[in-house]
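For reference, the structure is listed below as structure tokens.
The values are calculated or read from the model by the stated rules, or taken from the named source; none is laboratory data. Every value quoted in this text rests on a predicted model; they were computed, and no experiment measured them. With ideal geometry, Cβ positions are generated from the backbone for all residues, glycine too; neighbour counts draw on all protein chains shown.
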Amino acid sequence: MTTPRPLVAGNWKMNGLVAALDELGALDAGLKASDPAPVCDVMICPPATLLAQAARRVKGPGSSILIGAQNCHREVSGAYTGDVSAEMLAEAGARAVIVGHSERRDKATYAETDEQVMEKAQACWRGGLSAIICIGETESQRRGGEALAVVSGQLLGSLPEGAKAENTVIAYEPVWAIGSGLTPTVDDVAEVHDLIRKLLVERMGNAGKRVRILYGGSVKPANARELMGVSNVNGALVGGASLKAADFLGIIAAYA
Ligand code: PGA
């Protein structure tokens, strides 16, 4: 069986004080009450300040929610004021880290390069965590017909050698679809996801068939089923609609 088990991951970004953990509790309760249980893994990536509390909150019997982080530093420790290492995130209860999100690759903010993203992915593995490596074209790149070239370049430039299906997830997130309410057509999503799969198999052999490729960018309960049904889409990376348990459960229902 090569079809990977889907993953629906929520990226809370810089949102959430302690009170937001009530949504995590509601999500947990909602999942436990789902009958039949959805056939996918579920992850929430809260801000780093909530990680340890979130991990404790979902530790109880029957809870299946995984906790992830949104970024890490490449080093284990050192003089890097304000940064957090993969080892620290793992100790706090994270199982995965989102690396190379477009909000961190953005030239106007953190301007992370493929090389830096690759180093972060290696740091995740060193810390015993999975890396959720994000790639995706901007609006002008799509309009200029460069989407496939950009996605290929980012994938091959950010994916370290030695990737395994167990420690690597790819998230295709067209920058123009993030937080905009816009989504690509299903044909466009299929074209990109099929290309990513082909490149993963070329790089990793058969293991490349088992790497999960998530779609991200304005995934909502109303469009989740259609997007999750696309060829080589093995789940979703969800921003805004992961903040409320009811919305996120509506997305996860695509796998019920
Ligand atoms: P969105 O964000 O679901 O709010 O569009 C997706 C993301 O940035 O991962």
Some residue of segment 109-117 being among the hydrophobic types (A, V, I, L, M, F, W, C), in contact with a helix residue (DSSP H, G or I) (Cβ under 6 Å, 6 or more places away or on another chain), in a helix (DSSP H, G or I) and surrounded by 14 or more Cβ atoms within 10 Å (Cβ to Cβ): yes
Residue pairs meeting the criteria (Cβ under 9 Å; at least 6 apart or on separate chains; first within 17 Å of SER130 (Cβ to Cβ), in segment 24-48; second among the hydroxyl-bearing types (Ser, Thr, Tyr)): CYS40/TYR255; ASP41/SER64; VAL42/SER64; ILE44/SER242; CYS45/SER242
Residue among GLU137, GLU115 that is charged (D, E, K, R) and under 21 Å from ASN11 (Cβ atoms): GLU137
Near pairs, Cβ below 8 angstrom, 6+ apart or cross-chain, from segment 91-105 (in contact (Cβ under 8 Å) with a residue 40 or more places away in the chain) to any residue that is within 12 Å of the ligand (Cβ to nearest atom) and part of a helix (DSSP H, G or I): SER102/VAL175
Residue list for segment 53-68, filter: polar (S, T, N, Q) and farther than 19 Å from VAL39 by Cβ: GLN53
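Taking GLY68, is it in contact with a helix residue (DSSP H, G or I) (Cβ under 7 Å, 6 or more places away or on another chain), under 26 Å from MET118 (Cα atoms), surrounded by 19 or more Cβ atoms within 10 Å (Cβ to Cβ) and modelled with pLDDT of 95 or more? So that I can check it myself, show each step before the final result.
On the way: in contact with a helix residue (DSSP H, G or I) (Cβ under 7 Å, 6 or more places away or on another chain): no; under 26 Å from MET118 (Cα atoms): yes; surrounded by 19 or more Cβ atoms within 10 Å (Cβ to Cβ): yes; modelled with pLDDT of 95 or more: yes.
Criteria not met by GLY68.
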Total residues in segment 204-234, condition buried (at least 19 other Cβ atoms within 10 Å of the Cβ) and at positive phi: 3
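For segment 128-243, list the helices (runs of 4 or more DSSP H) that sit wholly inside it and hold at least 1 residues that are among the basic types (Lys, Arg) and more than 23 Å from TYR255 (Cα to Cα); which are they?
Values: elements: 139-143, 147-158, 186-204, 221-228.
Correct list: 139-143, 186-204.
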Complete set of residues in segment 84-95 that are surrounded by fewer than 24 Cβ atoms within 10 Å (Cβ to Cβ) and not in a helix (DSSP H, G or I): VAL84, SER85, GLY93, ARG95
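Looking only at segment 160-174, count every residue that is in contact with a strand residue (DSSP E or B) (Cβ under 7 Å, 6 or more places away or on another chain), farther than 11 Å from ILE98 by Cβ and not hydrophobic (A, V, I, L, M, F, W, C) and tell me the total.
Step one: of segment 160-174, the residues in contact with a strand residue (DSSP E or B) (Cβ under 7 Å, 6 or more places away or on another chain) are 167-173.
When the remaining residues are screened for being farther than 11 Å from ILE98 by Cβ, the result is 167-168, 170, 172.
Filter again for not hydrophobic (A, V, I, L, M, F, W, C), leaving 167-168, 172.
Result for segment 160-174: 3.
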Enumeration of residues in segment 159-179 that are buried (at least 20 other Cβ atoms within 10 Å of the Cβ) and within 16 Å of the ligand (Cβ to nearest atom): VAL169, ILE170, ALA171, TYR172, GLU173, PRO174, VAL175, TRP176, ALA177, ILE178
Test: ALA26 is within 16 Å of the ligand (Cβ to nearest atom) and part of a helix (DSSP H, G or I): no
Residue in segment 194-213 that is under 24 Å from ALA147 (Cα atoms), under 17 Å from the mean Cα position of the chain (by Cα) and within 13 Å of the ligand (Cβ to nearest atom) present: no
